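J.: Please read through the structure below; I'll follow up with questions.
The values are calculated or read from the model by the stated rules, or taken from the named source; none is laboratory data. Given the structure is predicted, the values throughout are model-derived calculations rather than measurements. Backbone-built Cβ (ideal geometry, glycine too); neighbour counts: all protein chains shown.
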Amino acid sequence: MTQPVLSVRDLKVDFVTRRGTLKALDGVSFDIARGEVLGVVGESGAGKSVTGAAVIGLIEPPGRISGGEILLGGQRIDDLPPAAMRRIRGRRIGMVFQDPLTSLNPLYRVGDQIVETILTHLPVGRAEARRRAIDLLKEVGIPAAERRIDGYPHEFSGGMRQRVVLALALCAEPELVIADEPTTALDVSVQAQIIGLIKRLCAERGTAVMLITHDMGVIAETADRVAVMYAGRVAEIGPVRDVVKRPFHPYSRGLMGSIPTLEGTADRLVQIPGSMPRLAAIPSGCAFHTRCPHAFAQCWLERPEPMEHEGHRVACFLYEPGMESARARADRIPADSPPVPTEEAKP
Amino acid sequence: MTDAPLVQVTGLRRVFDVSKPWLDRVVAREPRQTLKAVDGVSFEIRRGETFALVGESGSGKSTVARMVVGLLPPSAGEVVIDGVSMTDRKDAARRARLRRRIQMIFQDPYASLDPRWRVGDIVAEPIRAFNLARDRREVEHRVGEGLKLVGLDPADARKFPHEFSGGQRQRIAIARALAAESDFIVCDEPTSALDVSVQAQILNLMRDLQDRLGLTYLLISHNLAVVRHMATTIGVMYLGRLVEVSPARDVFAAPRHPYTRMLLDAVPDLAMSGRPRTPVQGEIPNPIAPPSGCTFHPRCGLADERCRREAPATIEGVACHAVAEGRAGAARPARAAGG
């Protein structure tokens, strides 16, 4: 197998607070190959954005990376000094955030911001940089790019701004683009255009993409593989089609069933009882056991490690070898059944 | 139960003045600028139904909601609820009695609940305001019942809003809305600030309450899948106008207005059916200077000279020249069922 562009191994991120250390990420591992789009989904507090911030080295104190490693093209980047990390950011890793207005400086013309980024990272002259900037703006679908390059961010609409941000992320030809909720602030009709654009541009350039979003529809449309996160851990990771249509982990099953669809066949939505635990109170063992309709004694005591199952990696004891009968039993229980009461399952 | 609609909205219109200050205007010799947020919107809602208004930001759906509950006076047009005009000055006495039956649930449960009030007081406010209970014990009893109704514990009445998660806060907002035994609830994006699994809990709760209490909802949402799950009738808004009103089933099976079709095509396809879709063109224009004629014509594949010139009238629930002239082609199914 060729070397993945990004490789995250057993990543742990802590936030040290007065009330103790909060584990925002607890042993997260995944790879992204060249030209691949990895979708990262989860509800608020699952640790999706912290994962993205850790990869680009933007964890602010009191947060800190307390374990594991991050490799970009085989080179370790989580322990680099700030100056070296700054050279990677923008050059080898591009970024697209939710709100395009916060990524663009309102006082500079959009063209100048792109040209400056190109000049910082690539060995080209100003005229060449400007030519490239115009080409890029054309490529991301800005009409009359030659004229618009001298416009200020406020002169662009929300969708056009996000296109400019995408051009900015791609201008130094990075190997990896991290897109954190790139379409959340946009209307559906514009969202569809931006998703299509991200997908096309990254496929053409062979750029790996880490797409962070809470919107399963966006993932289904864009990603090749998807990682479902829960309480700072990866619950399940696998090919997008499989995870959406046939999820294994009890949490992913509940999550997929809870999304209303346009087909609208279900009369009631699946509802997972309770809500995502707070970081200060993550349950012992498997973090999902308090909401899980299939939990048994082991789930209280031990934390499940991700295991291979039919092409997915699932962190659930039901998918351990030798658990076939329990799995068959679990398949018959609807995903929104009440969790197993503590007295029954507790050892 | 009578057959007359509970809510009748006729020719509703709201214009906002967005001019610069007087002096600036005089110096720059600029005329006043106005924004037509809502322009000629008419629809009716039958009892026990959910009428959903969908549209992108700036389409005027929230402005309609605020005018229907009376938070914003309309510039023109009329809102009649259960035979009582909400806009006519003369009907004040009957309107006051009607107010109790109309409540609203807002988008952000972090902003809509007063952080200094205990949950019990928040839920009791409408009971006290409308004098629905004889003494304190009865108020407490009603608050407890209300909290139980939405799946919370009566003991939660002593807590403050910050002790609850987003989904629980939205439950409190629903309990407050129902406390005055209201039967018409206007929900403005009730779940768009919530996570999907919590959204499912709230949507299920809203449907259960509708079945049990016979509520009528006006649901405002930009999320077509949520609307599909909840609505009996759907109104699609674009730049302040209602472009299509159809039964929910028909909107999804056979959308008629070109904008409705585009909107449906834009929704990411979770079923991954590989269904062919037309890529979406353009963005919503600036509502201060909307396009001439049919405001959708710059983004519409079917636009012709007439669309650029004159605004279409609503015929059989659709405001589109192309549909009226039979140029729009057969209404195609947006999504094959199942996928």
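J.: Consider A:V115 against the criteria (1) buried (at least 20 other Cβ atoms within 10 Å of the Cβ); (2) closer than 28 Å to A:I59 by Cβ: it satisfies all of them except one. Which criterion is unmet?
T.: Among (1) buried (at least 20 other Cβ atoms within 10 Å of the Cβ); (2) closer than 28 Å to A:I59 by Cβ, the lone unmet condition for A:V115 is (2).
J.: When region B:108-130 is examined, which residues are found to be crowded, with 18+ Cβ neighbours inside 10 Å and in a helix (DSSP H, G or I)? Reasoning before the result, please.
T.: Let us first name the residues in region B:108-130 that are crowded, with 18+ Cβ neighbours inside 10 Å, namely B:109, B:112-113, B:119-120, B:122-124, B:126-127.
Within region B:108-130, B:V119, B:G120, B:I122, B:V123, B:A124, B:P126, B:I127 meet the criteria.
J.: Which of the numbered conditions does A:R241 fail, given that it passes all the others? Conditions: (1) outside any helix (DSSP H, G or I); (2) of a type outside the set (A, V, I, L, M); (3) over 12 Å from the mean Cα position of the chain (by Cα).
T.: Here A:R241 clears every test but (1).
J.: Might you let me know whether region A:263-272 holds any residue that is under 23 Å from the mean Cα position of the chain (by Cα) and surrounded by fewer than 24 Cβ atoms within 10 Å (Cβ to Cβ)? Walk me through it before giving the result.
T.: Just the residues of region A:263-272 that are under 23 Å from the mean Cα position of the chain (by Cα), to begin with: A:272.
Checking which are surrounded by fewer than 24 Cβ atoms within 10 Å (Cβ to Cβ) leaves us with none.
For region A:263-272, residues under 23 Å from the mean Cα position of the chain (by Cα) and surrounded by fewer than 24 Cβ atoms within 10 Å (Cβ to Cβ): absent.
J.: Are there any pairs, at least 6 apart or on different chains, whose C-beta atoms fall under 7 Å, with the first in region B:131-143 and closer than 20 Å to B:I172 by Cβ and surrounded by 13 or more Cβ atoms within 10 Å (Cβ to Cβ) and the second at pLDDT 85 or above and of a type outside the set (A, V, I, L, M), and if so, which?
T.: If the second residue must be at pLDDT 85 or above and of a type outside the set (A, V, I, L, M), the pairs left are B:A133/B:R142; B:V139/B:R128; B:V143/B:G120.
J.: In the set A:V209, A:V240, which member is under 30 Å from A:A167 (Cβ atoms), within 11 Å of another protein chain (Cβ to nearest Cβ), buried (at least 20 other Cβ atoms within 10 Å of the Cβ) and not polar (S, T, N, Q)? Walk me through how you get there before you give the answer.
T.: Details: A:V209 fails: within 11 Å of another protein chain (Cβ to nearest Cβ).
Result of the check over A:V209, A:V240: A:V240.
J.: Run A:K199 past the list (1) surrounded by fewer than 24 Cβ atoms within 10 Å (Cβ to Cβ); (2) out of contact with any Asp or Glu (no Cβ under 9 Å at 6 or more places or on another chain); (3) within 14 Å of another protein chain (Cβ to nearest Cβ); (4) closer than 21 Å to A:R132 by Cα and report the number of the one that doesn't hold.
T.: Answer for A:K199: the failing condition is (2).
J.: Now a separate question. With respect to B:E163, determine if the residue is farther than 17 Å from B:Q107 by Cβ and more than 14 Å from every other protein chain (Cβ to nearest Cβ). Step through it out loud before you land on a result.
T.: On the way: farther than 17 Å from B:Q107 by Cβ: yes; more than 14 Å from every other protein chain (Cβ to nearest Cβ): no.
No, not satisfied.
J.: Further question: Inside region A:196-220, can you point out the residues that are over 23 Å from A:G47 (Cβ atoms) and either at pLDDT below 90 or not polar (S, T, N, Q) (or both)?
T.: The first filter runs over region A:196-220 and keeps only residues over 23 Å from A:G47 (Cβ atoms), leaving A:196-197, A:199-207.
A:G196, A:L197, A:K199, A:R200, A:L201, A:C202, A:A203, A:E204, A:R205, A:G206 - these are the residues of region A:196-220 that are over 23 Å from A:G47 (Cβ atoms) and either at pLDDT below 90 or not polar (S, T, N, Q) (or both).
J.: Another question, then. Within region B:190-243, which residues are under 19 Å from B:P268 (Cα atoms) and not aliphatic (A, V, I, L, M)?
T.: B:T191, B:S192, B:D195, B:S197, B:Q199, B:S221, B:H222, B:N223, B:R228, B:H229
J.: If you take the residues in region B:147-200 that are free of Cβ contacts under 8 Å to residues at least 40 places away in the same chain, part of a helix (DSSP H, G or I) and among the polar types (S, T, N, Q), which one is surrounded by the fewest Cβ atoms within 10 Å (Cβ to Cβ)?
T.: B:Q168
J.: Hand me the list of strands (runs of 3 or more DSSP E) wholly inside region A:13-84 holding 2 or more residues that are of a type in the set (F, W, Y). Don't jump to the end; show me each part of the working.
T.: Numbers: elements: A:20-32, A:37-41, A:63-72.
By residue number, no strands (runs of 3 or more DSSP E) qualify.
J.: Keeping to region A:145-167, report how many residues are under 17 Å from B:E283 (Cβ atoms), of a type outside the set (F, W, Y) and assigned to a loop (DSSP other than H, G, I, E, B).
T.: 2
J.: Which one is farthest from B:G317 (Cα to Cα), of the residues in region B:217-269 that are facing chain A (nearest Cβ under 9 Å) and among the acidic types (D, E)?
T.: Here the residue is B:D269.
J.: Another question about this same structure. Restricting to region B:305-319, name every residue that is modelled with pLDDT of 90 or more and in contact with an Asp or Glu (Cβ under 8 Å, 6 or more places away or on another chain).
T.: Listed by number, the residues that qualify are B:V318, B:A319.
J.: Another question, if that's okay. So if I check each of B:R212, B:R207, which one is at the interface with chain A (Cβ under 10 Å from one of its Cβ atoms), surrounded by fewer than 20 Cβ atoms within 10 Å (Cβ to Cβ) and within 30 Å of B:P5 (Cα to Cα)? Step through it out loud before you land on a result.
T.: Working: B:R212 fails: at the interface with chain A (Cβ under 10 Å from one of its Cβ atoms).
So the residue among B:R212, B:R207 that is at the interface with chain A (Cβ under 10 Å from one of its Cβ atoms), surrounded by fewer than 20 Cβ atoms within 10 Å (Cβ to Cβ) and within 30 Å of B:P5 (Cα to Cα) is B:R207.
J.: Would you mind finding the one in A:R9, A:R92, A:R76 that is touching a strand residue (DSSP E or B) at 6+ places or on another chain (Cβ under 8 Å), crowded, with 16+ Cβ neighbours inside 10 Å and farther than 18 Å from A:A169 by Cβ? First the steps, then the outcome.
T.: Details: A:R92 fails: farther than 18 Å from A:A169 by Cβ; A:R76 fails: crowded, with 16+ Cβ neighbours inside 10 Å.
Result: A:R9 is the single residue among A:R9, A:R92, A:R76 that is touching a strand residue (DSSP E or B) at 6+ places or on another chain (Cβ under 8 Å), crowded, with 16+ Cβ neighbours inside 10 Å and farther than 18 Å from A:A169 by Cβ.
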